[in-house]
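Note sheet for the following structure.
The values are calculated or read from the model by the stated rules, or taken from the named source; none is laboratory data. Quick caveat, the model's predicted, so the values are computed rather than measured. Quick reminder, even Gly has a Cβ in these numbers, built from the backbone with ideal geometry, and neighbours come from all protein chains shown. We work out accessible area using only protein heavy atoms, side chains counted, and drop any ligands, DNA or RNA first. Shrake-Rupley method; radii C 1.70, N 1.55, O 1.52, S 1.80 Å.
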Amino acid sequence: MAPMPNPENPRSGALLDAAARIGARVASQALWEGDACTWQVMSPDRDNQAARVAVPARAGGTVYEGTAGIALFLAQLAAATGDREAARAAAGALRFSLAEADGLPPGSNGFHSGRVGIAYAALRAAKLLGMEEMRDAARRTLAPLEGAEAQDRGLDVIAGAAGAIPALLAMADELDGAWMLERAQRMGDNLLATAVREPDGWSWATMPQSSARNLNGLAHGAAGFGHALLELYDATGEGHWLHGAEQAFVYERRTFSAEHDNWPDLRHSDLSEYLHAGRIDELRRRIASPEGFPAYEPRHMSAWCHGAPGIGLTRLRAWELLGEPLYRDEAEAALRATLASIVDDRMNYSLCHGRAGNCETLLYGARVLGDDTLRTTAEDCMLTGVERWERPGVSWPCGTLGGVSDPGLLLGESGIGWFLLRLALPEVPSVLLVTRDGAHPDRAAAEPGRREARGADVDGYLGRTLRTFTAVGADGAAVRAAAAADGNRERSPVAAAVDGVKARISAEGGGDRAALLEDAARLDLARVELWRAVEDNTAEFIASLVRAEEDEVAWDEAAFALSPRARLVHSLRDWDGWLEDAAGEPLPPEDDVFVLLQSIGGKVVERRLTPFAAVVLEATRGSALLDDVVDRVAEAVSGDRAPDRDWLRGRVLEQLRQAYRAGFVESEPAGAGVPG
């Protein structure tokens with residue numbers, strides 16, 4: 001049967017015709033196994049990853065590059081055109097996917113690479129092709145999620161709850177709505193529990209060893225998590241979900257580059273290649289070589305998975321739901337970067353990191369912003385591709401290594417065909433930004449929950465300071481309340497509270513009272529500063545791979561320095577003890593308190609120090625030999641009678657050994673200097 005064009009779009013006939021040709025080709029390539037079928041896809045050579053070549057592999061059952069994704073395209077095509085072979089192959093592909101789903105662990109809940117995506121494809125087939133048995137199959141595939149929502153194997157949009165939540169909400173109207181909503185909210189609870197709540201926004205540790213910081217972006221980064229939480233807010237009207245979404249977007253805002261209209265890709269590409277291939281010994285040798293290992297350098301990828309096109313989709317959705325001008329501004333910046341990207345002739349046509357995926361941002365932007373030129377540009381781009389690549393003797397450049405032809409949805413021709421259908425027919429949904437239909441909630445009703453969540457963030461960083469302020473009559477509660485109610489969406493409530501604390505100290509106009517408040521706030525403000533100062537976590541990981549064992553250090557000859565990821569904080573009063581035991585009593589007496597803050601593994605931890613340990617660490621603020629440290633300590637601790645030097649040297653050495661084991665003192669051969 002010939003495709004039925006959309007009468008409202010004169011170009012829909014050409015778009016549908018191209019999609020139909022792709023579908024016929026994909027269906028003809030099916031590898032049948034009884035009444036189920038799979039395909040040959042092109043996957044990275046896992047046995048020779050350094051070669052960066054694709055080799056044939058049997059497709060699995062998932063959406064991203066497996067049979068569920070191919071089934072989504074073929075079922076949608078069959079519904080649009082009546083193509084019986086496409087319908088037959090879609091059914092066979094789903095049978096294969098559903099059989100694969102039976103073997104997945106309960107926590108494999110991703111949309112693109114888990115059971116939620118397989119169920120989504122089955123439910124679409126039930127709706128599009130009248131295959132009601134697929135509705136029951138979708139229900140069975142999702143059943144193991146109950147009770148396993150926190151057993152998330154990936155967290156992010158590709159493999160975890162960030163992708164599963166929007167899909168569950170989108171399916172809720174058609175399949176066990178209350179059950180689906182409960183699963184989505186429990187997954188959301190796990191996202192809130194696993195968020196890395198930095199003072200400038202929230203992120204998630206999806207690639208902790210091979211990224212400078214937790215990632216930006218839709219597929220694996222903060223934008224994808226923000227979108228999931230935003231959809232939960234839209235479905236429930238509850239303010240704590242809205243707050244989580246806002247903080248994910250705040251996190252990305254910190255790194256936005258106005259020069260590039262883009263957010264940096266925070267992956268350390270060289271490092272991730274070694275780690276993904278398990279080439280750890282080779283990595284150590286390269287780090288230890290004279291030329292060393294390259295440091296992370298920001299780059300700005302423009303794709304659905306990483307960079308402006310994917311992030312732009314989430315900001316368009318935020319503008320659509322919330323109407324905040326900030327999100328429209330960010331969406332327009334992302335659209336500028338996306339428009340610039342699609343003219344690069346090196347770009348493939350895949351959904352994941354090619355033109356089709358980037359044109360999805362243009363298409364969504366056209367609808368949300370009412371700008372038909374964006375749709376026209378997307379159509380022009382894809383029709384140019386049709387003219388160039390949809391003809392005998394050539395093949396579409398796909399998102400595989402080397403751009404080789406592939407039938408999959410996110411990397412291959414099924415995705416290209418899907419997007420051609422989406423351009424032609426308005427009822428075809430996005431598989432790159434899954435959203436729910438329905439009425440949107442009342443923002444005002446969500447505000448109390450949002451403020452409560454914002455206040456909890458403030459307490460996590462500055463609660464000690466604000467309790468102390470209140471105890472000394474400086475009204476810390478007012479600072480907290482102002483930060484929780486702060487209407488500036490560009491910053492976090494913690495940033496607002498930091499400004500509030502500093503303003504409260506400044507209002508004293510100097511003198512003893514200001515000094516008292518400064519001392520009370522010193523530790524919390526130093527913790528915030530350290531969080532902000534550490535920009536590259538790969539440096540810590542790379543150094544750990546070649547760090548000398550304690551018995552390998554030449555203690556008498558090496559130079560020592562306090563790690564740049566550590567801060568030594570000296571307070572004049574024991575505020576913690578006072579708050580715990582006697583708040584409201586006269587102020588605690590002056591009593592030196594030393595605390596070491598250390599950024600380790602993407603977190604900031606604190607430990608209280610003895611005065612002697614603090615003096616030793618203070619002596620290592622600059623690179624110093626052991627004898628230099630002993631001299632500085634001797635000067636600091638000398639009273640009426642200087643301690644025996646050999647005894648002092650032994651104590652200093654033991655303290656340095658402990659600090660080295662804990663990672664907050666570094667060593668280098670004498671004369672080499674300690675990296676900062």
Checklist entry - Semi-axes of the range 228-379's equivalent ellipsoid from the Cα gyration tensor, sqrt of 5 times each eigenvalue, largest first, rounded to whole Å? => result 33, 21, 13
Item to check | Ranked order, Glu447, Glu413, Glu618 - accessible area, probe 1.4 Å, largest first | outcome: Glu618, Glu447, Glu413
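Between Glu550 and Ser430, what length comes free when the chain is fully extended (0.36 nm per residue of separation minus the Cα-Cα distance, one decimal in nm)?
37.7 nm
Would you kindly calculate the mean projected area, averaged across all directions, of the convex hull enclosing the Cα atoms of the range 152-287, in square nanometres? Mind showing how you got there, number by number?
Numbers: hull surface 39.3 nm².
It is 9.8 nm².
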Item to check | Apportionment of accessible area to carbon and sulfur, the chain, percent (1.4 Å) | outcome: 49
Item to check | Largest to smallest principal axis extent of the C-alpha atoms in the range 405-560, angstrom | outcome: 72, 60, 21
Checklist entry - Where a ≥ b ≥ c are the square roots of the eigenvalues of the C-alpha gyration tensor, would you call the range 521-607 rounded, which needs a/c under 1.5, or, failing that, prolate if a/b is larger than b/c, or oblate? => result prolate
Checklist entry - What accessible area, in Å² to the nearest ten, does a 1.4 Å probe give for Lys127? => result 120
Item to check | Probe 1.4 Å, protein heavy atoms only - accessible area per residue of the range 619-665 in square angstrom | outcome: 57
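Let me know the shape class of the range 572-642, please: from the alpha-carbon gyration tensor, a ≥ b ≥ c as square roots of the eigenvalues, rounded when a/c is under 1.5, otherwise prolate if a/b is greater than b/c, or oblate.
Details: a/c = 4.36, a/b = 1.39, b/c = 3.13.
Oblate, since a/c reaches 1.5 and b/c is not below a/b.
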Next on the checklist: Shape verdict for the range 85-162, please, from the Cα gyration tensor: rounded (a/c under 1.5), prolate (a/b greater than b/c) or oblate.
Outcome noted: prolate
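Determine the gain in length on full extension of the stretch Ala662-Glu297; use 0.36 nm per residue of separation and subtract their C-alpha separation, reporting nm with one decimal. Please list the in-between numbers first.
On the way: separation 365, 0.36 × 365 = 131.40 nm, distance 2.82 nm.
Gain in length upon complete extension: 128.6 nm.
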Checklist entry - What does the charge dipole of the range 338-398 about its Cα centre add up to, to the nearest 20 debye, if the Cβ of each Lys and Arg holds +1 and the Cβ of each Asp and Glu holds -1? => result 160
Checklist entry - Mind listing the phi-derived Karplus ³J(HN,Hα) values for the range 97-106, rounded to whole Hz, using 6.51, -1.76 and 1.60 with θ = phi - 60°, and x for any glycine or proline? => result 4, 5, 5, 5, 4, 4, x, 7, x, x
Checklist entry - Which whole-number percentage describes the relative contact order of the range 457-580, with Cα contacts under 8 Å and a sequence gap of 6 or more? => result 28
Checklist entry - Sorted by accessible area (1.4 Å probe), largest first, how do Asp406, Asp173 line up? => result Asp173, Asp406
Next on the checklist: Counting heavy atoms of the protein chains only and a 1.4 Å probe, report the per residue accessible area for the range 160-256 as a whole number of Å².
Outcome noted: 23
Checklist entry - Give me the log10 of I(q) over I(0) for the chain at q = 0.06 Å⁻¹, as the Debye formula computes it from C-alpha points; what are the numbers? => result -0.41
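Report the charge-dipole magnitude of the chain in Debye, nearest 20, computed about the Cα centre from +1 at each Lys and Arg Cβ and -1 at each Asp and Glu Cβ.
On the way: 70 positive and 101 negative charges, 298 e Å.
In total the dipole reaches around 1440 debye.
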Item to check | Highest average packing first - 225-235, 280-290, 368-378, 483-493, Cβ atoms within 10 Å | outcome: 225-235, 483-493, 368-378, 280-290
Checklist entry - Each residue of the range 310-316 in turn: what ³J(HN,Hα) in whole Hz from Karplus with 6.51, -1.76, 1.60 and θ = phi - 60°, glycine and Pro shown as x? => result x, 4, x, 4, 5, 6, 4
Item to check | Helical contribution to [θ] at 222 nm, DSSP H n ≥ 4, -39,500 (n - 2.57), averaged over the chain, rounded to 500 | outcome: -17000 deg cm²/dmol
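Could you tell me what % of all Cα pairs in the range 510-549 have separations over 14 Å?
On the way: 514 of 780 pairs.
The proportion of pairs with Cα distances above 14 Å equals 66 percent.
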Checklist entry - Any idea which of Ala121, Gly449, Gly34 is furthest toward the positive side of the dipole for the chain, if Lys and Arg beta-carbons carry +1 and Asp and Glu beta-carbons -1? => result Gly34
Checklist entry - Asp345: net charge of surrounding residues, Cβ under 15 Å, Lys/Arg +1, Asp/Glu -1, itself excluded? => result 0
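Kindly report the accessible area of the range 289-374 per residue (heavy atoms of protein chains, probe 1.4 Å, no ligands, DNA or RNA), in Å². Working shown, then result.
Details: 3120 Å² over 86 residues.
Computed with neighbouring chains in place, this is 36 Å² per residue.
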Checklist entry - If ligands, DNA and RNA are left out, what is the accessible area of Ser506 with a 1.4 Å probe, given in Å² to the nearest 10? => result 80
Checklist entry - Along the Cα-to-Cβ line of His440, 7 Å from the Cα, sits a label point; which residues in the range 169-184 have backbone N less than 19 Å from it? => result 169-170
Checklist entry - Given a 1.4 Å probe and the protein chains all in place, what does the accessible area of Arg367 round to, in Å² to the nearest 10? => result 140
Checklist entry - Hey, if you put +1 on the Cβ of every Lys and Arg and -1 on every Asp and Glu Cβ in the chain, which of Leu94, Leu168, Thr465 ends up farthest toward the positive end of that dipole? => result Leu94
Item to check | Dipole axis of the chain (+1 Lys, Arg; -1 Asp, Glu on Cβ), positive-most option in Phe225, Leu283, Pro643 | outcome: Phe225
Item to check | Glu132/Asp189 FRET efficiency (R0 35 Å; Cβ-Cβ; nearest 0.05) | outcome: 0.60
Item to check | Centre separation in Å (Cα based) which lies between the range 366-435 and the range 546-593 | outcome: 57
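Over all pairs of distinct alpha carbons, what does the Kirkwood formula give as the hydrodynamic radius of the range 409-494, in Å? List each step's numbers first, then the result.
Details: mean 1/r = 0.0591 Å⁻¹.
16.9 Å is the Kirkwood radius here.
When the dipole is taken about the Cα centre of the range 285-365, and only Lys, Arg (+1) and Asp, Glu (-1) are charged at their Cβ, what size is it in debye, to the nearest 20? Numbers along the way, then the final one.
Numbers: 9 positive and 10 negative charges, 61 e Å.
For this selection, approximately 300 debye.
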